[in-house]
Each structure stands twice: as C-alpha cells, then as structure tokens.
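Asker: Handing you this structure, nothing more for now.
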Amino acid sequence: MVLSYYVIKFPYRLVWNILNLLKKRKEIVFFCANELDLEIFKNVQRHLKPIPIVAKNRSIQKKLLEKGIKARIMPVFPKGVIMCRQSCYLFPEPKIVKIGINHGAYHFKPFANVKGHNMFDQFHFTSSKEVEEAKAIGIVSGVGLGYPKMDDAYNGTYSEEVLNRLKKKLKLDENKKTILFSSTWDGSQMSAVHKWYDQLNDYTEKYNVLVTLHVWISDKYRDIIRETPGVKYIDTQNVTPYIMIADICVGDTSSILSEMCALYKPIITFKVPVVRRTVPEVREIISSISFQIDSQEELGKMLDYAYENANEKRDAQQIANQRMFESLDGKAGERIANKIMEVLPELEKEK
C-alpha cells in the first residue's frame, strides 16, 4: 500500500464519518486519473444515471475542462466511487462502495498488489479467465464481463460511413495501405519506441502512417514523431476507430495489442528484453498473435509479409481473444453497469 494511504487514512475516515452523521452520504462519483479513464468508462456510464467526475488533481481537471468536461478535484467524501485505476488508497473509508474497472484489456503488466485489489467491492477484469488467474494469487474482488472500451467496434458506432469520414479527415491516400504504430511507456523498459521514432519518414512515401503513444511517453520521442512530415499523430485516447482503419499494426508490449488482436489485424511487434514487469503469459500471447522482429531494419520486408500472410496468426488471435475478452459483442458496458447496480442500485436509470 502506498505511503499516502497511511498518511490520510485516519483524518479522511474521521471527516467522512462526521459528514455522514450530519448528512447521510448519497453521492456516487467517478474518479478520473487521466482522459483514458473516461474513454473506458463511457460505455458503462451510458447504462447508468450520470455521475459527477472527480479529477485526481488540478492538472487533470484543467485538461478535462479544455475538452468541455467539468470535474471537481480531491478530496471528496462520497457514498461510492467508480474508477479505472488502483486508487482506493485515496478513499480509505471501508463504508465507501468501491468499483474498479481495468484500464486495459487483460494484464499486460503484472497484477497490482493483492491488498489494493481486494479493497474493491467489485474489480472488473476483462474475462473470466483473467478472474481465475487473479484469484490464484489471492485477488477475490474480480468480475470478468468484458472490456467496455471495445464495445464501439461491435455495436455499430463505427459504421463504414463513419470510418470513411475519418479517413477523409486524416487525408489518407486511398492508394496506400495504412500502418498504425504504437508504443507503451518508455519508462516501463518494455517499449520499443526508440527503435523507430526517428525513422518514420522511411515509410511515409509508401504508406499512410498513423501513430498512437502511451500518455506518459517521453517528450523527446513524442515531439520528433509529431514533427515528422506525413505522419498523423493521434492525439486522443479513443484509438478504436484508428485501429479499425489500419491495414497493419506495429507495436511492442502495450495493451493496445489486445485491441488490435480483437479486430484481427495483422500485427508486427518489436521484441523487447525480459524485465521485472514482464508477464510471461503475456509475452507468449504477443509472440503467438504477432510477427516479431528485432530491429527497425527488418520492418520494411515484414510489413509486406504480415499483410499478405495475416491468416497465419488468425487462429492464435482467436485463442488469445477468448482468453483476454469475455465476449466481443458490444455489450460489455451494459453487463458491467448491471453488475454495478447490484451494489449501487440508485444508479439505475429511470425507465
């Protein structure tokens, strides 16, 4: 447990209980650590009564306001909280109902600490298989109903007409195939962004090049990528439609690979060293669903090969999808909302 939990635990609990005596706690809030959290939650929220947003700090509050989203900041003293982070330590009163939703599909990084997970009344993993794997290490709060972030790829939100409008907005050349490059956070030591960030101009003549990066990626990489002529930098957490319009995807160990796999895209991944945060089963999944390379020099030939031989990985991708996702039917958000209402029935929409 983080140190701040022990620092704020007793003062927070004292204030919460005093406020609860004065006026019964009724408010349920969504705790937002960054914009990705809202993207994950939106397909759950649509099946619940609207709930207020609480930003982690003033910086996040400002970013949300720039997008027209109003949010308060901590501290708050609610009856219940929903979050897409391991941040129960900020709400250390046991009477607060705590709901967690995994911020990525499956555990591409190691499970967070068991105690932190078990502070939740419900923690929503993305499959029942993942729930089993979490239970094996002592996590008992797990529920596995799917990944709401992927719902829009299957519920008709992104029709062919919508995707064609996106292609026109990006000014993609219809005579070129489209590559989507992605990378996890370089500070994780599991990123391969350093292998290609300054080489993208090698591909812009032959391909449409899109790039999406982890929100914490170092500016030294982000700035060069943004300034590369012909590269379309995706400055949004809603990457689903960009994956859908991509012909080939390139990545490393980011959980976005799961979304590419869910959409049965040909995937190329750069091999990265085994480090402390490496998850062996995820390393095996990545190897099975993607064409792997060591260096940027191999990428040119592999792009053609991966596109022409995508079916080589389809069976493995199907197996991986069954492990990572409970169901890819566009209804994960609805199932999660219904489960949340079992402990917070006041969130049910009026019929």
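The values are calculated or read from the model by the stated rules, or taken from the named source; none is laboratory data. Just so you know, these numbers come straight off a predicted model, no measurement behind them. Positions of Cβ are generated from backbone atoms using ideal geometry, with glycine treated the same way; all protein chains shown enter the neighbour counts.
So that you can scan it fast, the table gives a plain yes or no per residue for (1) surrounded by fewer than 21 Cβ atoms within 10 Å (Cβ to Cβ); (2) β-branched (Val, Ile, Thr); (3) under 25 Å from residue 63 (Cα atoms); (4) over 22 Å from the mean Cα position of the chain (by Cα):
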| residue | (1), (2), (3), (4) |
| --- | --- |
| 183 | no, no, yes, no |
| 191 | no, no, no, no |
| 198 | yes, no, no, yes |
| 204 | yes, yes, no, yes |
| 210 | no, no, yes, no |
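Asker: Being over 15 Å from residue 124 (Cα atoms) and in a loop (DSSP other than H, G, I, E, B), is that true of even one residue in the range 145-152?
Answerer: Within the range 145-152 (the criterion being over 15 Å from residue 124 (Cα atoms) and in a loop (DSSP other than H, G, I, E, B)), the answer is no, since none of the residues qualifies.
Asker: Another question, then. Would you check which residues across the range 260-306 are of a type in the set (A, V, I, L, M, F, W, C), more than 21 Å from the chain's Cα centre (by Cα) and in a helix (DSSP H, G or I) and list them?
Answerer: Answer for the range 260-306, where residues must be of a type in the set (A, V, I, L, M, F, W, C), more than 21 Å from the chain's Cα centre (by Cα) and in a helix (DSSP H, G or I): 299, 302, 303, 306.
Asker: Moving on. Against the condition in contact with an Asp or Glu (Cβ under 9 Å, 6 or more places away or on another chain) and not aromatic (Phe, Trp, Tyr), how does residue 188 come out, does it pass?
Answerer: On the way: in contact with an Asp or Glu (Cβ under 9 Å, 6 or more places away or on another chain): no; not aromatic (Phe, Trp, Tyr): yes.
Answer is no for this residue.
Asker: Please find, among 98, 56, 26, the residue that is touching a residue at least 40 places away in the same chain (Cβ under 8 Å) and either hydroxyl-bearing (Ser, Thr, Tyr) or closer than 30 Å to residue 144 by Cβ (or both). Spell out the reasoning first.
Answerer: Numbers: 98 fails: touching a residue at least 40 places away in the same chain (Cβ under 8 Å); 56 fails: touching a residue at least 40 places away in the same chain (Cβ under 8 Å).
Residue meeting the stated conditions: 26.
Asker: Sticking with this structure for a sec: Give just the number: which of (1) modelled with pLDDT of 95 or more; (2) within 13 Å of the chain's Cα centre (by Cα); (3) farther than 19 Å from residue 238 by Cβ does residue 28 not satisfy?
Answerer: Of the numbered conditions (1) modelled with pLDDT of 95 or more; (2) within 13 Å of the chain's Cα centre (by Cα); (3) farther than 19 Å from residue 238 by Cβ, the odd one out for residue 28 is (2).
Asker: Does the range 89-143 hold any residues that are among the hydroxyl-bearing types (Ser, Thr, Tyr) and in a helix (DSSP H, G or I), and which are they?
Answerer: The answer is 89, 128.
Asker: Pick from the range 210-239 the residues that are among the hydrophobic types (A, V, I, L, M, F, W, C) and part of a strand (DSSP E or B): which of them is nearest to residue 104 (Cα to Cα)?
Answerer: This residue is 213.
Asker: For the list (1) surrounded by fewer than 21 Cβ atoms within 10 Å (Cβ to Cβ); (2) in contact (Cβ under 8 Å) with a residue 60 or more places away in the chain, I need the number of the one condition that residue 297 fails.
Answerer: Just one mismatch for residue 297, condition (2).
Asker: List, please: which pairs have Cβ atoms under 6 Å, are six or more places apart or on different chains, and start with a residue in the range 191-216 that is among the charged types (D, E, K, R) and end with one that is surrounded by 23 or more Cβ atoms within 10 Å (Cβ to Cβ)?
Answerer: From residues that are among the charged types (D, E, K, R), the pairs are 195/270.
Asker: I want to confirm something. Restricting to the range 307-351 and keeping residues that are assigned to a helix (DSSP H, G or I) and among the basic types (Lys, Arg), which single residue is surrounded by the fewest Cβ atoms within 10 Å (Cβ to Cβ)?
Answerer: 314
Asker: Just to be sure, is residue 158 farther than 24 Å from residue 30 by Cα, in a loop (DSSP other than H, G, I, E, B), out of contact with any His (no Cβ under 9 Å at 6 or more places or on another chain) and among the aromatic types (Phe, Trp, Tyr)?
Answerer: Here the answer is yes, as residue 158 does meet what is asked.
Asker: I've got another one for you. Please determine whether any residue of the range 6-24 is within 22 Å of residue 339 (Cα to Cα) and crowded, with 19+ Cβ neighbours inside 10 Å.
Answerer: No, because not a single residue in the range 6-24 is within 22 Å of residue 339 (Cα to Cα) and crowded, with 19+ Cβ neighbours inside 10 Å.
Asker: List the number of the failed condition for residue 295; all other conditions in (1) over 29 Å from residue 148 (Cβ atoms); (2) hydroxyl-bearing (Ser, Thr, Tyr); (3) in contact with a strand residue (DSSP E or B) (Cβ under 7 Å, 6 or more places away or on another chain) hold.
Answerer: (3)
Asker: I need the full set of residues from the range 52-84 which are crowded, with 19+ Cβ neighbours inside 10 Å, within 22 Å of the chain's Cα centre (by Cα) and in a loop (DSSP other than H, G, I, E, B), in order please.
Answerer: 56, 71, 84
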